[in-house]
Structure formats: C-alpha cells, structure tokens
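Here the structure comes first, spelled out in structure tokens, and everything after it is commentary.
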Amino acid sequence: MSTTGRQSVIHVVSSLKVGGAERFVIDLCQEQVGQGLDVAILSFGLAEDTLVSVCHEHHIPLTITNGKGWRAQKQRLQLLTRFDVIHVHSPAALKSLVFHLFLLKHKKLIYTRHGAAPLNKPHWIRLHRFARRFIHAITFVSAEAKHSFAHHGWHKVPQYIIDNGVRLPPEVLTDDRNAAHNDVLRLGSVGRMVKLKSQLSLLQAVSQMDNDSQSQIEIHFFGDGELRSQLETFHQQHHALRAVFHGMEINRQNIYPHIDALVVTSSTEGLSMVILEAMAYGKPVIATNVGGNPMLVKPGKTGFLYEFNDIDELSSLISALQQRAQDRVKLGRQAREWVEQQYSLTKTAGQYLELYNAR
C-alpha cells in the first residue's frame with residue numbers, strides 16, 4: 001500500500017529493452033502520475049537495458065531483479081506486496097511471477113497481452129492454465145490478440161480490449177514546408193531486426209525498382225538485432241540501394257522528424273506503437289495487413305496496407321508515394337488527426353484506471 005494514501009500500481013515487464021510494449025509502459029507511467037497514482041516498474045531484465053535510462057530520466061521508481069534464488073524471490077515478493085495493483089505486461093513477466101501468484105491473490109492482478117502470438121507451446125499453455133485463477137482481468141490491444149488467446153480457456157476471467165495510446169509531440173509541420181525533401185523519399189523502418197519483423201522485404205521491394213527510382217529513395221533503419229548483418233549484406237550486394245543503419249535509437253525526436261513515411265513489414269502485430277508514434281508525428285504509414293495494423297492504417301487516408309511478403313505490392317506502394325509528394329503531406333496530416341482523436345494516451349490511461357477501480 002502506498003504511504004501517500006494514493007492508489008499504487010507496479011508495472012511488471014520482462015525487460016526494458018527497446019520495444020513498443022516497454023516504451024508504452026513508461027509513457028503510461030508518466031500519464032498515471034498525472035492522474036495522481038503512485039507508480040513503479042519491476043523489470044526482470046538487466047541494468048544495461050536501453051530504456052533503463054529513460055525511466056531514470058522521468059524519475060519513475062524502478063527495480064531490476066533477475067535472480068532465481070530464494071533471496072531474489074523474497075525481495076520480489078516484498079516489493080509487490082507494497083502495491084494495490086500489479087499490472088503484468090508480458091507472458092515472460094507472468095512466468096517470472098508464477099511462484100508468487102498464490103501469495104498475491106489478495107492484490108488486484110491485471111494481465112495485458114501486447115502481442116498477438118498464440119502462445120500454443122506446452123509450457124505457455126501450462127503457465128496460463130495455472131495463472132488464470134489468480135488474475136482479476138486480462139486486456140488485449142487488438143481483437144486479433146484476444147481471438148488468438150481463446151484456446152487458453154480464460155472464459156471466466158473478465159476480458160477487455162484496451163487500445164494502446166500515444167503521447168502527442170508538439171504540433172509538427174504537415175504543410176508545403178515539408179517539401180524540402182520532395183526529391184528524395186525517406187522511408188523509415190523502426191524496430192528489432194528479427195524474423196517476424198521481416199525488414200528484408202523492404203530492401204527487396206526497393207531493389208527491384210529501376211536505378212533512377214532507387215536513387216530517389218533512402219531507407220533509414222532504426223534498431224538492432226540478430227538479422228542486422230543479413231540486411232547489411234543485402235544492402236552491400238545491391239549498390240543502387242541507399243540505406244542507412246542508425247542502430248538503436250531511443251529518442252523519438254531523432255527518428256520521426258527525419259523520415260517522410262514509415263514502413264512496417266511484420267508478419268504479426270498487436271497494436272503497433274511504432275505506427276502510432278509515426279502517425280503522431282504526422283507521417284503516413286505503409287504496413288502489412290495483419291493484427292492491429294488495419295485499425296490504424298486507413299488506406300488512402302492515413303497510409304496504405306499490403307499483404308505480408310507481397311514484395312511487388314510493397315514496391316508499387318512505395319513508388320506511388322515517391323511520385324506524389326503532396327499526397328504524403330495530406331496523408332501525414334490526416335494520420336496525426338486520427339491518432340489525436342482515437343488513440344490518445346490520456347484516453348488509454350483513463351480506461352486502465354477504471355479497470356483498477358472495478359470491483
């Protein structure tokens with residue numbers, strides 16, 4: 001229980017590596033402080049995780065524990081019992097709490113599924129069958145995520161879909177003054193370089209254009225991961241491709257103001273924070289027609305959708321966007337307006353507060 005008398009919430013994450021869910025949790029904490037809550041984060045990651053510094057920057061109380069011995073387990077339990085609400089944000093984080101669930105059953109436990117993966121391997125099924133009796137409510141960020149979770153049999157646990165929200169940056173330029181880079185279309189790809197993100201398809205789509213078209217397109221990769229070397233090798237083998245690998249970048253001001261459009265090539269998504277962030281900065285989005293992407297990307301209004309791994313369709317969409325600079329400005333303006341109306345972080349935080357207070 002909070003010593004201030006205010007409601008207290010601890011958000012539990014598996015790590016604070018760069019990722020949409022982790023960044024959302026930090027933003028949500030900031031918003032909840034404004035609501036008058038006492039908030040903190042418990043991470044099972046490492047002190048070196050990239051977003052740890054962001055927590056410190058915003059003065060969010062943070063505990064990092066990754067030990068498995070009884071001392072670490074005791075420390076973890078003592079921390080958690082101090083809070084009214086325990087909000088768990090990943091299956092891996094839930095797994096790390098499995099030995100504490102019975103002792104925390106008098107607390108309000110909220111479980112949020114940010115992704116849409118079915119979690120159908122035996123160890124995930126066993127975990128969720130055990131944990132469901134202790135969870136007060138489960139939330140999903142998209143209808144697809146809720147549907148893919150149905151086989152776990154949580155029918156008696158209250159279930160809600162709560163969209164992720166995003167903090168809006170100060171008003172950005174979305175008029176003709178953005179035309180400074182009209183001769184070159186700057187495409188952004190933001191995220192971990194892993195198989196499900198499928199960033200190679202972006203390079204392949206641009207590489208099949210003629211050399212003149214390729215010379216008018218720059219691809220800016222923000223992120224790192226196990227497949228980075230594969231992407232760099234493809235780039236080196238296709239000399240007409242213009243690509244820049246910026247590595248990990250946690251400052252959104254160093255990403256979105258410097259691209260003209262975002263491209264999301266993933267095979268699956270929940271409700272993509274990257275898409276929300278780009279749209280909040282007034283950038284149109286080309287994204288795969290999967291998961292929560294169609295909820296955000298409205299063809300011809302905020303961007304365009306294409307079927308996963310359809311390289312030809314992706315290439316055509318990029319070409320059309322490159323040739324019509326003024327359309328990019330219009331789409332970007334409409335994208336920001338859409339996010340402001342539908343996906344504000346204030347709205348999301350309000351929905352979670354109602355859930356915390358529900359009896």
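The values are calculated or read from the model by the stated rules, or taken from the named source; none is laboratory data. Note that the coordinates shown come from a computational prediction; the quantities given were computed from them, not determined experimentally. Methodologically, a virtual Cβ is constructed for each residue, glycine included, from the backbone with ideal geometry; neighbour enumeration extends over all protein chains shown. Just so you know, the surface numbers come from the protein's heavy atoms only, side chains and all, with ligands and any DNA or RNA stripped out. Shrake-Rupley method; radii C 1.70, N 1.55, O 1.52, S 1.80 Å.
Values as computed for the structure displayed
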quantity: Segment 59-80: number of residues that are open to solvent by less than 70 Å² (accessible area, probe 1.4 Å) and modelled with pLDDT of 90 or more; calculated: 10
quantity: Some residue of segment 19-28 being touching a Gly at 6+ places or on another chain (Cβ under 6 Å) and of a type outside the set (Asp, Glu); calculated: no
quantity: Residue that is most open to solvent (accessible area, probe 1.4 Å) [pool: residues in segment 101-121 that are of a type in the set (A, V, I, L, M), closer than 29 Å to SER272 by Cα and not in a strand (DSSP E or B)]; calculated: ALA117
quantity: Residue ID - surrounded by the most Cβ atoms within 10 Å (Cβ to Cβ), chosen from residues in segment 313-337 that are without any contact (Cβ under 8 Å) to a residue 60 or more places away in the chain and closer than 21 Å to LEU196 by Cβ; calculated: LEU317
quantity: THR50 modelled with pLDDT of 95 or more and either farther than 24 Å from GLY34 by Cβ or open to solvent by less than 40 Å² (accessible area, probe 1.4 Å) (or both); calculated: no
quantity: Pair list, Cβ < 7 Å and 6+ apart or interchain, from segment 279-292 residues that are within 17 Å of GLY115 (Cβ to Cβ) and among the small types (Gly, Ala, Ser) to residues that are outside any helix (DSSP H, G or I) and modelled with pLDDT of 95 or more; calculated: ALA287/VAL264; ALA287/VAL297; ALA287/GLY303; ALA287/LEU305
quantity: Residue ID - surrounded by the most Cβ atoms within 10 Å (Cβ to Cβ), chosen from residues in segment 240-280 that are small (Gly, Ala, Ser) and part of a loop (DSSP other than H, G, I, E, B); calculated: SER272
quantity: Every residue from segment 338-349 that is touching a residue at least 40 places away in the same chain (Cβ under 8 Å) and assigned to a helix (DSSP H, G or I); calculated: TRP338, VAL339, GLU340, GLN342, LEU345, THR346, LYS347, THR348, ALA349
quantity: Residues of segment 169-192 that turn out to be modelled with pLDDT under 95 and under 15 Å from the mean Cα position of the chain (by Cα), as a count; calculated: 2
quantity: Subset of segment 294-310 [open to solvent by less than 30 Å² (accessible area, probe 1.4 Å) and modelled with pLDDT of 95 or more]; calculated: VAL297, THR302, GLY303, TYR306
